[in-house]
1. Using Cα pairs closer than 8 Å and at least 6 residues apart in sequence, work out the relative contact order for the range 86-238, in percent.
2. Tell me, in nm to one decimal, what length is gained between S179 and N114 on full extension, where the rule is 0.36 nm per residue of separation less the Cα-Cα distance?
3. As a test of the formula, what do you get for the chain when each DSSP H run with n ≥ 4 contributes -39,500 (n - 2.57) and the sum is divided by the residue count, at 222 nm and rounded to the nearest 500 deg cm²/dmol?
4. ³J(HN,Hα) across the range 115-132 via Karplus (A = 6.51, B = -1.76, C = 1.60, θ = phi - 60°), whole Hz, x for Gly/Pro?
5. Where in the range 30-45 does the amide nitrogen come within less than 16 Å of the point 7 Å from the Cα of R287, taken along Cα to Cβ?
6. So how far apart, in nm, are the two label points at D141 and T122 if each is 7 Å from Cα heading toward Cβ?
7. Considering every pair of different Cα atoms, what Kirkwood radius, in Å, is found for the chain?
8. Taking 0.36 nm per intervening residue step and subtracting the Cα-Cα distance, what contour gain separates D58 from Y193 on full extension?
Amino acid sequence: MGKRFAILIGVAAAGVMAIGGLTAWATSASAATGGSWELYPGQQTTQSTQVLPPVNADGSSVWPAKRGVIPVQLRLFETTGPTVFASYQSGEPQYSFASFTPSPALAQLSDLTNLSAIYDFTTGDCHGGALRWTVRIDTQDDGPGNDPAVYIYYGSPPAFDSCDAANGQSGQNLLAAPSVLRFDTSQLGGTFYDTWTDALTLAGNHDVTRASLVLDGGYLGDQVVDLTAATVNDNTLTMPSSQPAHRVCDLPPARLKWSIDDLSPSSGAVNEARSIQRKDTGEYFRRVDCKYIYNLDVRSLSGPGTYRVYPEINGSLVEPPAKFALR
């Protein structure tokens, strides 16, 4: 086996993991407290390809190296994985949140009657001020913005740790025990260890613009939470479930990328006929009938060798590639 060469493509990934921006869900029509939820980073979506004939999916196709066209055809599939709710010491995500924006805004903090979440720490525990609820108060009466917050910590005071299943408050309304000193009102002129009663007084008659369940203590050690649901008053966000692989027909643009593994492939007979189809030009696959298609002119490659051809979508290579040899 000769030396492996990489042409044009950089590093090939095992798949594309898109943990994208904010994922939004509208409020339930049955909830008395209207509004919408935003979840970050959301669900993991993995893309994969299916190699179609005439290229053999097992990589056994061999074409003549001197001339001809190789019709590369691929289908695209997506698999939606579980919701990611984590905070890592190194790597992504460094923080996660489920944020509820009431519509209209709650007229005052006393209109907030329930903050609860069903969760289980699968890695780590509460620390560094997380897990917590962050409730934003519009003290300037100028609409949502960089508003001060009341922080409401899960766990046991004074360190706010021990959030595991035995000692945590999973499924409990944190506002149901207003005298427990888990309310941080320091941004409203109060204290770090305060009561819900004091928070109501300090917040006055200002709007509540947002309530967010936040996990961001990973800087002290990884935190991973299996979050089932989050609730503000009677409005509940239920975490979306995983979905099996499904074929994608609304295909995004895909740039053609290729690599050569070996300039001296093992000996053997050519087993694919030279195609006389019209070659494609340009950087991108054509999108036809739910397929990526590119008629690849062998003269645009680097001569004999074992090749891999990938679609590059949003800057990432999607596996598996179409693999073949030229001899």
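Every number here is computed from the coordinates shown, using simple stated rules; none is lab data. Please read all numbers here as calculations on a predicted model, not as lab measurements. Because the Cβ atoms are built from the backbone with ideal geometry, glycine has one as well, and the counts that use them run over all protein chains shown.
1. 42
2. Gain on stretching S179 to N114: 21.9 nm.
3. Taken over the chain, the calculation gives -500 deg cm²/dmol.
4. Running phi through 6.51 cos²θ - 1.76 cosθ + 1.60 with θ = phi - 60° gives 10, 8, 8, 9, 8, 8, 6, 9, 9, x, 7, 5, 5, x, x, 9, 7, 7 Hz.
5. none
6. 4.7
7. The answer is 23.2 Å.
8. 42.3 nm
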